Structure formats: C-alpha cells, structure tokens
Amino acid sequence: MPRRMDSPLTRAELARLHIWPRELGLDEDLRRDVQREVTGRESCRDMTYRDYLRLARHYSELRRRLGVQESRIHRASPSLRALYAKIERRGDRPGLATVAQLKKIVRMLSLPKGGEEKFLNRALRAYVGVVRWQWLDRRHAYDMIEALKARRKAG
C-alpha cells in the first residue's frame, strides 16, 4: 500500500531533514528559514510526508546547483546500508546502546567498504571487549565513543 501524503515523518526522515542542510553548509537559522519558505511549517515534527518530499526536492536541487555530493550513507556500499538498516530495525531498547550511539560509532570508525559489520565487531572487541554490536550496552557504547575521540585527537 502506498504511503499517505498526510502521514507523519519517521525518525530517519526527521534526521535527514537536519543532515541535508549541514551538507550544504547551512546554519540552523537558515535551515529554519528555508523550511518555513518551502513548507510553511515552523517545526520538522509538524511536517507531513508531502512537506518532506517538497523539502527533499528543494535540497536536491540546491545540491545539484552547488555541486555538493550526497552524504556518505547514501553512496555507501550495500553492506554499510544493510548495517544501518539493521541498526534502525533494532530500535532503542532498554539496556542496549541507542541507535544514535551505534550510528555515531560507525561514522567515527570510517569502516572500509564491504564487510562493515565484521569490521565493526572487530573494533568493538578490541576497544571495549564486546564481541557483537547487537550486545553493546550504553556504557560500553559511551566508552567506545570516548576512545574513538581520544584516538582522533592523538592521530
């Protein structure tokens, strides 16, 4: 069944509405102004799927005119897209790392294309002693992020 145009946005769509302007170098005030001009809505949470499509078309046209590449996840290998899909499906469950934490870890690792899940598990085992990303809890995820920040500063 096709999606209704007046349906609310998913979390992933809401996230994209904040990622696209960053890719274009727009600050938060300018993002709000563009959103208000294109959709007539003050908040992303108030937007419908129709508004989302309108804004997506607008940002796509801006990207094309400015020659800006899409974010890494859109041109990522199939295995990285599959990993992100698994993370999204898992959702935020009590006691486990949040989806946002997992995505941040994946971005910070800059995993090589092909077999990203294997490399992610290997890195988690090396840094925090967790064998599979599905078993990562919030405390270990925080430790992993902090270790990656320290590595980034040192390198």
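Nothing in this text is a laboratory measurement; each read-out follows from the coordinates by a stated rule. Treat the numbers as computed from the prediction; the structure is a model and nothing was measured. Glycine also receives a Cβ, built like all others from the backbone with ideal geometry; neighbour counts cover every protein chain displayed.
Give a quick list of trypsin sites (Lys or Arg not before Pro) in region 95-127 that DSSP marks as loop, anything other than H, G, I, E or B, with at most 13 other Cβ atoms within 10 Å. Walk me through the numbers on the way to the answer.
Details: sites: 103, 104, 107, 113, 118, 122, 125; in loops: 113.
Those that pass, being in a loop and sparsely packed, are 113.
Just want the ordering: 63, 3, from fewest to most Cβ atoms lying within 10 Å of their own Cβ. All intermediate terms of the calculation are to be shown ahead of the outcome.
Details: 63 15, 3 9.
Going from least to most buried by this count: 3, 63.
What distance in nm lies between label points placed 7 Å from Cα along the C-beta direction at residue 77 and residue 113?
According to this spin-label approximation, the distance is 0.8 nm.
Which order do 45, 81 fall in if you start with the one that has the fewest other Cβ atoms within 10 Å? Could the numbers behind the result be given before it?
Working: 45 9, 81 14.
So the residues, fewest neighbours to most, are 45, 81.
May I have the pair-distance distribution P(r) for region 95-142, computed from all Cα-Cα distances with 5 Å bins from 0 and rounded to whole percent?
Result returned by the calculation: 5, 24, 36, 27, 7, 2.
Quick test of the membrane-span-like rule: which DSSP H helices of the chain reach at least 27 Å along their long axis (C-alpha atoms) with mean Kyte hydropathy at least 0.0? Working shown, then result.
Numbers: long enough: none.
The qualifying helices: there are none.
Write down, largest first, the equivalent ellipsoid semi-axes of region 44-155 in whole Å, where each equals the square root of 5 times an eigenvalue of the alpha-carbon gyration tensor. Could you put the intermediate results ahead of the total?
Values: eigenvalues 174, 64, 38 Å².
They are 29, 18, 14 Å, listed largest first.
Once the convex hull of the C-alpha atoms of region 11-66 is built, how many Å³ does it hold per residue, rounded to a whole number?
Details: hull volume 4.0 nm³, N = 56.
Convex hull of Cα atoms, per residue: 71 Å³.
Computed FRET efficiency, Cβ-Cβ of residue 137 and residue 65, R0 35 Å: what is it to the nearest 0.05? Spell out each step's value before the answer.
Working: r = 45 Å, r/R0 = 1.28.
Between residue 137 and residue 65 the formula returns 0.20.
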